[in-house]
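Structure, as structure tokens:
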Amino acid sequence: MTPNPRQLELLELVQERGTVSVEDLAALFGVALQTVRRDVKLLSDAGLLARFHGGVRVPSSTTENLAYRQRQLLNEAAKQRIARAVAQAVPEGCSLIINIGTTTEAIARELLHHKNLRVITNNLNVAAILSDNTNCEVIVTGGVVRSRDRGIVGEATVDFIRQFKVDIGLIGISGIEADGSLRDFDYREVKVAQTIIQHSREVWLAADNSKFNRPAMVELARLNQVDMLFTDMPPPSPFPDLMSDAGVTCVVAS
């Protein structure tokens with residue numbers, strides 16, 4: 001399905017709060033309970049929400065991520081704000097590795113007017129976006145292309161990235177847990193991201209508010225391996241303390 005504006009706003013609200021009752025949704029949107037129940041059923045049937053008695057929550061699975069199109073729609077405005085903040089921080093004339101994710105694709109769009117960038121990516125969508133910037137050299141890794149999101153993964157990808165040392169490794173993530181671990185779903189994608197971290201002078205993480213306290217199966221890294229975290233809302237407890245202890249600079253995009 002393609003959610004209408006009210007349904008998209010409903011999705012973003014649930015992403016922000018984690019769980020919301022049907023009655024609260026009806027009051028917030030000024031519509032009848034039946035309207036909210038119909039919206040919730042459509043969104044849950046599409047896998048965008050999970051229903052429980054009297055309310056809805058964010059779907060949570062430690063083994064499987066949301067579909068690519070669903071991830072594009074969720075928190076779209078937040079991702080755009082994050083992307084603008086990241087682009088403002090990226091200096092011209094630097095080298096980057098950009099990995100797989102809808103947030104990193106939003107960042108690529110915001111880099112279209114930067115000059116003298118050299119970007120290595122295992123994301124064909126990022127490569128296609130930045131190829132329109134004539135002042136940017138784009139290098140695409142080798143490896144296996146995942147049809148669902150055009151990400152490139154595998155041992156060939158890892159071996160390719162090991163040739164480089166870049167100024168900024170720019171990564172997305174599926175979840176950040178309260179123990180300070182960064183997590184994702186595909187171990188092959190995780191291996192690539194770990195290599196990006198090892199071969200970057202600085203590591204920048206872009207994660208919207210829905211990623212905090214979201215479980216995923218594979219540990220990618222720890223917060224103390226990140227230099228900067230870009231997000232759209234002040235992170236909930238205990239993450240401010242965790243980032244302070246780890247020396248992570250947190251940028252909240254307004």
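Does VAL119 count as within 21 Å of GLU76 (Cα to Cα), free of Cβ contacts under 8 Å to residues at least 60 places away in the same chain, in contact with a strand residue (DSSP E or B) (Cβ under 7 Å, 6 or more places away or on another chain) and buried (at least 23 other Cβ atoms within 10 Å of the Cβ)? When the stated conditions are applied, VAL119 does not pass them. Inspection of segment 202-213 finds a residue satisfying the criterion of being modelled with pLDDT of 95 or more and of a type in the set (Val, Ile, Thr). The number of residues in segment 214-243 that are outside any strand (DSSP E or B), modelled with pLDDT under 95 and over 23 Å from ALA78 (Cα atoms) comes to 1.
Taking the conditions (1) at pLDDT below 90; (2) of a type in the set (S, T, N, Q); (3) in contact with a Lys or Arg (Cβ under 9 Å, 6 or more places away or on another chain) in turn, SER181 satisfies each one other than (1).
Return the residues of segment 84-100 that are in contact with a helix residue (DSSP H, G or I) (Cβ under 8 Å, 6 or more places away or on another chain) and either modelled with pLDDT under 95 or not in a helix (DSSP H, G or I) (or both); say none if nothing qualifies. Spell out the reasoning first.
Keep residues of segment 84-100 that are in contact with a helix residue (DSSP H, G or I) (Cβ under 8 Å, 6 or more places away or on another chain), which gives 84, 86-87, 97-100.
Result: ILE97, ILE98, ASN99, ILE100.
Inspect segment 154-164 for any residue being β-branched (Val, Ile, Thr) and within 18 Å of the chain's Cα centre (by Cα) and give the result as yes or no.
Filtering segment 154-164 for residues β-branched (Val, Ile, Thr) gives 157-158, 161.
Narrowing further to those that are within 18 Å of the chain's Cα centre (by Cα): none.
Taking every residue of segment 154-164 in turn, none turns out to be β-branched (Val, Ile, Thr) and within 18 Å of the chain's Cα centre (by Cα).
Kindly evaluate ASP132 against the criterion of being over 26 Å from LEU242 (Cβ atoms) and in a helix (DSSP H, G or I). Walk me through how you get there before you give the answer.
On the way: over 26 Å from LEU242 (Cβ atoms): yes; in a helix (DSSP H, G or I): no.
Considered against the rule, which asks whether it is over 26 Å from LEU242 (Cβ atoms) and in a helix (DSSP H, G or I), ASP132 comes out as no.
Selection within segment 1-23: residues that are β-branched (Val, Ile, Thr) and assigned to a helix (DSSP H, G or I). The member of this set that is surrounded by the most Cβ atoms within 10 Å (Cβ to Cβ) is VAL14. Under the condition of being charged (D, E, K, R) and surrounded by fewer than 17 Cβ atoms within 10 Å (Cβ to Cβ), which residue from segment 192-226 is farthest from the chain's Cα centre (by Cα)? The qualifying residue farthest from the chain's Cα centre (by Cα) is ARG201. The set of residues in segment 164-174 being outside any loop (DSSP other than H, G, I, E, B) and within 12 Å of ALA221 (Cβ to Cβ) consists of GLY169, ILE171. Figure legend. Inter-residue proximity from segment 24-40: first residues surrounded by 15 or more Cβ atoms within 10 Å (Cβ to Cβ), second residues part of a helix (DSSP H, G or I) and among the small types (Gly, Ala, Ser), beta-carbon distance below 6 Å, spacing 6+ or different chains. Indicated pairs: VAL36/ALA26.
Considering (1) hydrophobic (A, V, I, L, M, F, W, C); (2) touching a residue at least 60 places away in the same chain (Cβ under 8 Å); (3) not in a helix (DSSP H, G or I), the lone condition that VAL56 does not fulfil carries the number (2).
I'd like the residue in segment 147-169 that is surrounded by fewer than 18 Cβ atoms within 10 Å (Cβ to Cβ) and touching a residue at least 40 places away in the same chain (Cβ under 8 Å) and, out of all such residues, is farthest from VAL226 (Cα to Cα). Walk me through it before giving the result.
Narrowing segment 147-169 to residues surrounded by fewer than 18 Cβ atoms within 10 Å (Cβ to Cβ): 147-148, 150, 155-156, 159, 162-165, 167.
Narrowing further to those that are touching a residue at least 40 places away in the same chain (Cβ under 8 Å): 148, 164, 167.
Numbers: ARG148: 28, PHE164: 19, ASP167: 13 Å.
Of everything passing the filter in segment 147-169, ARG148 is farthest from VAL226 (Cα to Cα).
The values are calculated or read from the model by the stated rules, or taken from the named source; none is laboratory data. Because the structure is a prediction, the values reported are computed rather than measured. All Cβ positions, glycine included, derive from the backbone under ideal geometry; neighbour counts span all protein chains shown.
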